[in-house]
Every structure is written in C-alpha cells, then in structure tokens.
Amino acid sequence: MKRILLLVSLLCLVSLASAQDMTISVSDTTAAVGGIVEVPIDLEGAEDVGSLDISLMYDPAVLQAVGVEPGELGDNAYIESNTGNEGVVIIALADSSGITGDGSVAVVSFRVLGDVGSSSFMTLVDVSVHNTDLVEVISPTIDGTLSVTEDASESAGYGSMLLMTMAAVVIALFVVKRRR
C-alpha cells in the first residue's frame with residue numbers, strides 16, 4: 001500500500017513539475033485613439049491543453065472589448081466569450097485533441113477610447129487550465145499594458161494618402177509603358 005501511495009505521489013509531483021513549463025501571457029502593445037486593436041493571449045510551452053478559462057481585466061475608460069476570436073493555437077478549439085461586462089473579458093476554450101506549442105490561443109479585439117498618452121492594464125485573472133486528461137495544470141501568467149498613441153484618423157489618413165500615391169505612380173508607369 002505504501003508503494004502505491006509513493007508511486008501516486010511521484011506521478012503527481014512529475015505532473016505538477018511539467019505543468020510549470022507553460023506560461024500564459026499578454027504582451028505590452030500600443031494602439032491608436034479611435035482604432036481597433038487585437039490583443040493576443042499567448043501560451044508558451046503548452047502541452048495537451050484540453051481546456052482553458054481566462055478572465056482578462058482592462059481599464060474600461062481606455063478600452064471597450066468588441067470581440068474574441070481563436071488564435072493560431074486555438075483554431076481547432078471550441079471557444080466561447082463574454083465581452084458584455086465593462087472591464088473584463090471572459091473566455092472559455094476547449095479542445096479535445098489538446099493544444100500543444102507556442103503562440104496565441106485567443107485574440108481579443110478592443111476599441112480604443114482613451115486619449116493619447118493614456119494606458120490600460122491587461123491583467124489575466126481567474127485562469128484555470130486542464131490537460132486532456134482533465135488534470136489541472138498550474139501555469140504562471142504574465143500581464144501586459146496597452147499604451148494609447150496617435151489618433152487613428154491621422155494615421156489612417158497618412159496610410160490612405162500613401163496608398164493613393166503608390167496607385168497613381170503604378171497607373172502612370174502603366175500608361176507610359178503602353179504608349180511606347
């Protein structure tokens with residue numbers, strides 16, 4: 001009986017030790033006033049993740065959550081989200097085949113409401129991870145910050161102007177070449 005208990009204890013310790021290798025993070029990013037920004041939630045060192053529940057807190061004076069899509073690692077997963085509560089996005093994800101690797105598991109879209117120079121915390125809370133065997137995986141989290149930069153209308157105007165200029169040059173080259 002003691003051997004069985006010892007074996008089970010060792011298996012639990014090995015399981016917990018390997019679970020510490022996975023990290024869940026939100027990177028620091030910047031966004032333009034009035035624009036839409038996509039913020040990925042990344043996994044590093046994921047191995048056979050079967051389910052993931054996350055609450056992502058943010059400053060509702062700076063951002064408004066508008067949607068959640070699966071990331072590259074979450075493409076085959078079933079994903080549900082709730083963006084209806086100001087200041088928090090709730091995400092539930094399940095994948096019976098297991099998620100393994102490094103990359104984004106979900107991407108949260110925000111409308112930027114804050115003024116230039118303002119910022120919002122991007123804090124991962126109430127994180128729960130289970131592997132495909134339904135064993136809880138203890139994973140550290142790394143929070144990020146979103147900083148607001150120039151107006152989206154100004155940057156969009158510059159981009160549109162640049163695109164129109166390039167189109168005019170291409171058309172001019174085409175016309176000149178056709179006349180030869």
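Every residue, every condition in (1) modelled with pLDDT of 95 or more; (2) among the hydroxyl-bearing types (Ser, Thr, Tyr); (3) not in a helix (DSSP H, G or I), yes or no:
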position: 3; (1), (2), (3): no, no, no
position: 16; (1), (2), (3): no, no, no
position: 25; (1), (2), (3): yes, yes, yes
position: 39; (1), (2), (3): yes, no, yes
position: 51; (1), (2), (3): yes, yes, yes
position: 66; (1), (2), (3): yes, no, yes
position: 69; (1), (2), (3): yes, no, yes
position: 72; (1), (2), (3): yes, no, yes
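Looking only at the stretch 90-104, decide whether some residue is out of contact with any strand residue (DSSP E or B) (no Cβ under 6 Å at 6 or more places or on another chain) and within 16 Å of residue 145 (Cβ to Cβ).
no
Give all pairs with beta carbons closer than 9 Å in which a residue from the stretch 75-97 that is part of a strand (DSSP E or B) meets a residue that is charged (D, E, K, R) and open to solvent by less than 40 Å² (accessible area, probe 1.4 Å); count only pairs at least 6 apart in sequence or on separate chains.
If the second residue must be charged (D, E, K, R) and open to solvent by less than 40 Å² (accessible area, probe 1.4 Å), the pairs left are 78/95.
Matching residues to (1) within 14 Å of residue 53 (Cα to Cα); (2) open to solvent by 30 Å² or more (accessible area, probe 1.4 Å); (3) more than 12 Å from the chain's Cα centre (by Cα):
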residue	(1), (2), (3)
70	yes, yes, no
77	yes, no, yes
84	no, yes, yes
87	no, no, yes
92	yes, yes, yes
106	yes, no, no
110	no, no, no
119	no, yes, yes
124	yes, no, no
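The values are calculated or read from the model by the stated rules, or taken from the named source; none is laboratory data. Everything numeric here is computed off the predicted structure, so don't read it as measured data. We place every Cβ from the backbone using ideal geometry, glycine too, and count neighbours over all the protein chains shown. Protein only, heavy atoms only, side chains kept; ligands, DNA and RNA dropped before computing areas. Shrake-Rupley method; radii C 1.70, N 1.55, O 1.52, S 1.80 Å.
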